[in-house]
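Readers should treat all values here as calculations from the given coordinates under stated rules, not as data from a laboratory. The structure displayed is predicted, hence computed values, not measured ones. Glycine gets a Cβ as well: all are built from the backbone with ideal geometry, and neighbour counts include every protein chain shown.
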Amino acid sequence: MGIVTPFPSPHGKPSQVGFERLELTRILDLYGRMVAAGHWRDYAIELGRDVAVFAAFRRTTERPEFRIEKRPSLRGKQGMWALVGEHGVVLKRGHDLGPVLAPVERRLMKVVEG
């Protein structure tokens with residue numbers, strides 16, 4: 001694996017927030033399972049100065065059904081991860097990605113009768 005050297009920024013803080021490899025792997029794994037189940041069809045990634053967003057869509061022309069947001073500035077407060085619903089309501093917030101993704105993963109569970 002290669003070494004990535006960021007461009008120096010004037011204030012010592014990164015000029016763009018992004019997802020780490022393990023974070024993106026976990027998010028894309030969930031996305032793949034949701035596509036296989038027929039819930040999602042498209043996604044978008046936005047990397048900004050303060051926030052990185054992964055948005056999942058049922059259809060390309062609609063608003064995203066869920067947005068997974070990473071805001072490092074909230075790391076010491078409410079937690080840097082947030083799951084935001086279609087209408088902009090924060091459904092779950094936390095310090096770890098796993099519990100924040102739990103409400104979406106619950107949609108994949110099916111009741112098995114014995």
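On a 0 to 90° scale, report how tilted helix 97-106 is relative to the longest principal axis of the chain, with both axes built from alpha carbons and the result rounded to the nearest 10.
20 degrees
Select from region 65-112 those GluC sites (Glu not before Pro) which occupy a DSSP coil region and have at most 14 other Cβ atoms within 10 Å, ordered by residue number.
On the way: sites: E65, E69, E86, E105; in loops: E65, E86.
Sparse-neighbourhood loop GluC sites (Glu not before Pro): E86.
Please work out how much length the chain gains when fully extended from D50 to L28, using 0.36 nm per residue of separation minus the C-alpha to C-alpha distance, in nm with one decimal. Mind dumping the intermediate values first?
On the way: separation 22, 0.36 × 22 = 7.92 nm, distance 2.15 nm.
Full-extension gain reported as 5.8 nm.
Picking from A55, A37, A82, which is most flexible by a Gaussian network model of the chain using Cα springs under 10 Å?
Greatest mean-square fluctuation among the candidates belongs to A37.
To test your reading of the geometry: what angle, between 0 and 90 degrees and rounded to tens, separates the Cα axis of helix 21-36 from the longest principal axis of the chain?
The two axes meet at around 20 degrees.
Counting alpha carbon pairs within less than 8 Å and at least 6 residues apart, what relative contact order, in whole percent, applies to the chain? Please report the intermediate quantities before stating the final value.
Working: 162 pairs, mean separation 18.4, N = 114.
Reported relative contact order: 16 percent.
Work out, step by step, the length gained on full extension between V89 and R107: first 0.36 nm times the residue separation, then minus their alpha carbon distance; give nm to one decimal. Walk me through the numbers before you get to the answer.
Details: separation 18, 0.36 × 18 = 6.48 nm, distance 1.80 nm.
Difference between extended and current length: 4.7 nm.
Provide Rg and Dmax in Å for region 21-106, with only Cα atoms included in the calculation.
12.3, 37
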